[in-house]
Amino acid sequence: MCIDKLKFGLIHNHTSYSDGLGTVLKNTEQAALHGHDALGIMDHGTCAGLVEHWSVCNEKNIKPILGCEIYLRLPEEWQSLGQSRNSRSGRFHMSLVSTSFEGYGRLIAINNAAHRNIEDTKGKKYPIATLEMLEEFAGEGLIALTGCVASVTFHDHLEVANEYVNFLLKSFGKSNVYAEIMPHILTRHDGQVFNGFDRPLELAKKFGLKTVYTTDAHAPREQDLEILRLYTKAKSGYEFTASYIQSKEDAYKEAVSVVGNDEALKAFQGIDEIITRTEAVDFKRPYTLPVADEAVARMKEKILSAHTEDCPNVLGKLTHDGILITQELLDARLKQEWELLDKYHFWSYFGVLWDILQVGHEKGVVTVARGSASGSYILYLLEVTQLHPVVHSLMFERFLAELRLETGELHDVDVDIPSSDRHYIQEYAKERWGFEPVGTVHFYGHSSTVRMLNRMYEKNTGLEIPDVVVSDASDLGEENPDVMKKFFSYAPWMTTAYHSLLGSVEKFGAHACAVVPLDPKMPVPIEGWGKYLVVNYSESGSNKTLQKLGMVKIDILSSENLDFLGQLARITGVKAPKEIPDNDPCFIVFERQDVTGLFQFDTRVGKNLIRLMVVNGRKINSIRVLSDLTSLGRPGPLHEQYHVTYAEGTA
């Protein structure tokens, strides 16, 4: 049989979500360049990249293969026999592949169970699966591969490897177990040379298993492998060799060179079979929230009564834009927002948020909403926000723009609470509304990439780049090519490394107190990389994974500043004002460009915006201007140079 007729795609590939160098996008682009029919993701101990992989593959017309390389610890009686040839930790690797939505759910269940069994080794966390977990969740739609050279397959005691395969056959069924063949030839820690294909072939023959060829790719391109070596040494303190996203022809040629034509063909038939068996799935869902009819009804009563009571306080005043505030103006603003919430069925979101905050207020928890939500008159009436949006001419469209809603982009409310009250709010949200905390996936941006390159240079050369060169590249490099050219001149690999790292995953964390309502029909990875378990799908930047799954995140953020301000208020008896009028003396800090510690302004972008305003003689003397500046400090407006136009007073 000619391999031209076989579907092809590398199934076992790592991304920057674990120890790979490539982003999901870069891996997929490389696979598309080679004309692959499918592409797998197989990150160590995490399923955080699965939906992004699914989404990007579909955009590139490549079938996504969703998998995970879990960490497995054997029963004590097995462990006592010895170690795997390439592992001294007792943690073995195992490759799992889902072929359907049901299989995806089983994969997530195993992943989540492992994350409830975290093993901390010298500060590094490992989610540990057990044979009992595999036995419980194995079933339709889930394939087990015998694994790489760090798997039980390569145990020094062949009887353990045999027992392991027997377990897989019993738990997963023979049609769902494949012997995984890799081309690697490695040197063990004791100097013994071994390879990634003899043992799997031996077991395949003994148990009548089908084989599948994988390469354990950790980078998109061959030239990225040296960057991967330098990066891994700097970040993790060790070096390793790996493969990359190869073409079908190169992969087959390599397979033939290590196992011969007949076995290579069988292993490529295994690839074709897994791709064929993998069903198309659709993760996109309309957003869902818990039924909150009772909370919404109470909230609507509160809105109408607060509107009636508050209107006399501002009637006859002028807005920031000089418009006379009338009853008709306030009624029209309420009607505009009310009808939009009706049209897009957002009442439950507001109802759940209000209920959570109300419970906090009853316990004396201080809450401060910020960001674009300050433009909502309804949230002001509910005392979620403090500033009157009509008085300050704050735009509701910044918060809920109908054009964005039509594209499926959801609203977001940022509410700060004291750090000391975080867990109380989290626990109530989970108990009452079924919410789970959300993780954060930190991606390398410009500055963090520069800092990592500096670390890579120092760790791999023993030399140092002058601090001023590094700081200039970090602070000014995005806008000044000459600064970056000087920084890159220290090593020939730096330019390539910069573009390889930019946008890749830097680390996982736990969001201070964001919560997301879970749909029981949509499994998600709940992982324990921080202090507690969190939903570990990204909601960062353009990577709105939770939104694709129909899940809405409420950002109830933990703030140590509120704890500090509360203590200060108790000591001094001075409370923060509810209103800040135009031209208040506090705005002098912007004229002086002294914004140290001010959220969203004590940044390179924020300071640059303020400098442009001051240089052009523009006043920063109102809440409305601050709202404008935070809007302009976003990637889109910055790219279009709207901030310059605004600072020059021409818009």
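Only one of the numbered conditions (1) open to solvent by 30 Å² or more (accessible area, probe 1.4 Å); (2) part of a helix (DSSP H, G or I); (3) touching a residue at least 24 places away in the same chain (Cβ under 8 Å) is not met by Arg221, and that is (2).
Might you check whether a residue that is in a helix (DSSP H, G or I), farther than 23 Å from Asp331 by Cβ and of a type in the set (Gly, Ala, Ser) occurs anywhere in region 375-382? No. Considering only region 569-608, state which residues are touching a residue at least 60 places away in the same chain (Cβ under 8 Å) and among the β-branched types (Val, Ile, Thr). Within region 569-608, just Ile580 meets the criteria. Of everything listed in (1) in a helix (DSSP H, G or I); (2) in contact with a Phe, Trp or Tyr (Cβ under 9 Å, 6 or more places away or on another chain); (3) open to solvent by 10 Å² or more (accessible area, probe 1.4 Å); (4) not β-branched (Val, Ile, Thr), the single unmet condition for Pro183 is (1). On inspection, Ser348 fails the criterion of being closer than 24 Å to Ile323 by Cα, in a helix (DSSP H, G or I) and open to solvent by 10 Å² or more (accessible area, probe 1.4 Å).
Scanning region 543-559 turns up at least one residue that is of a type in the set (Ser, Thr, Tyr), open to solvent by less than 40 Å² (accessible area, probe 1.4 Å), within 22 Å of Pro635 (Cα to Cα) and touching a residue at least 12 places away in the same chain (Cβ under 8 Å). Scoring Gly445 on the criteria (1) open to solvent by 40 Å² or more (accessible area, probe 1.4 Å); (2) small (Gly, Ala, Ser); (3) at pLDDT below 95 leaves a single failure, condition (1).
Would you be able to say whether some residue in region 280-295 is of a type in the set (Ser, Thr, Tyr) and either part of a helix (DSSP H, G or I) or farther than 30 Å from Leu382 by Cα (or both)? No, there is no match, as no residue in region 280-295 is of a type in the set (Ser, Thr, Tyr) and either part of a helix (DSSP H, G or I) or farther than 30 Å from Leu382 by Cα (or both). Filtering region 227-274 to residues that are in a helix (DSSP H, G or I), more than 26 Å from the chain's Cα centre (by Cα) and among the β-branched types (Val, Ile, Thr) leaves Val256, Val258, Val259, Ile271, Ile274.
The single condition among (1) surrounded by fewer than 10 Cβ atoms within 10 Å (Cβ to Cβ); (2) on the phi < 0 side of the Ramachandran plot that Ile325 does not satisfy is (1). The helices (runs of 4 or more DSSP H) found wholly in region 531-625 and carrying at least 2 residues that are hydrophobic (A, V, I, L, M, F, W, C) occupy 560-572, 588-591, 604-615. Applying a threshold of 6 Å to beta carbon distances and a minimum spacing of six or more residues, or different chains, the list of pairs starting in region 450-467 at a residue that is acidic (Asp, Glu) and ending at one that is modelled with pLDDT of 95 or more and assigned to a helix (DSSP H, G or I) reads Glu464/Glu458. Among the residues examined, Trp54 qualifies as modelled with pLDDT of 95 or more, over 19 Å from His218 (Cβ atoms) and hydrophobic (A, V, I, L, M, F, W, C).
For Leu476, the criteria (1) in contact with a helix residue (DSSP H, G or I) (Cβ under 7 Å, 6 or more places away or on another chain); (2) of a type outside the set (S, T, N, Q); (3) at pLDDT below 90; (4) surrounded by 16 or more Cβ atoms within 10 Å (Cβ to Cβ) hold in every case but one, which is (4).
Within region 19-46, being in a helix (DSSP H, G or I) and under 20 Å from Ile118 (Cα atoms) holds for no residue. Among the residues of region 334-345, those that are farther than 17 Å from Ala295 by Cβ, in a helix (DSSP H, G or I) and open to solvent by less than 60 Å² (accessible area, probe 1.4 Å) comprise Leu334, Glu337, Leu340. Here Ser419 clears all of (1) buried (at least 16 other Cβ atoms within 10 Å of the Cβ); (2) closer than 30 Å to Arg229 by Cβ; (3) among the polar types (S, T, N, Q) except the condition numbered (2). Note on region 456-467: among residues that are buried (at least 16 other Cβ atoms within 10 Å of the Cβ) and of a type outside the set (Phe, Trp, Tyr), the one that is nearest to Ser16 (Cα to Cα) is Met456. A residue that is surrounded by fewer than 16 Cβ atoms within 10 Å (Cβ to Cβ), modelled with pLDDT under 90 and not aromatic (Phe, Trp, Tyr) can be found somewhere in region 363-377.
The values are calculated or read from the model by the stated rules, or taken from the named source; none is laboratory data. Please read all numbers here as calculations on a predicted model, not as lab measurements. With ideal geometry, Cβ positions are generated from the backbone for all residues, glycine too; neighbour counts draw on all protein chains shown. The accessibility values were calculated without ligands, DNA or RNA, using every heavy atom of the protein model including side chains. Shrake-Rupley method; radii C 1.70, N 1.55, O 1.52, S 1.80 Å.
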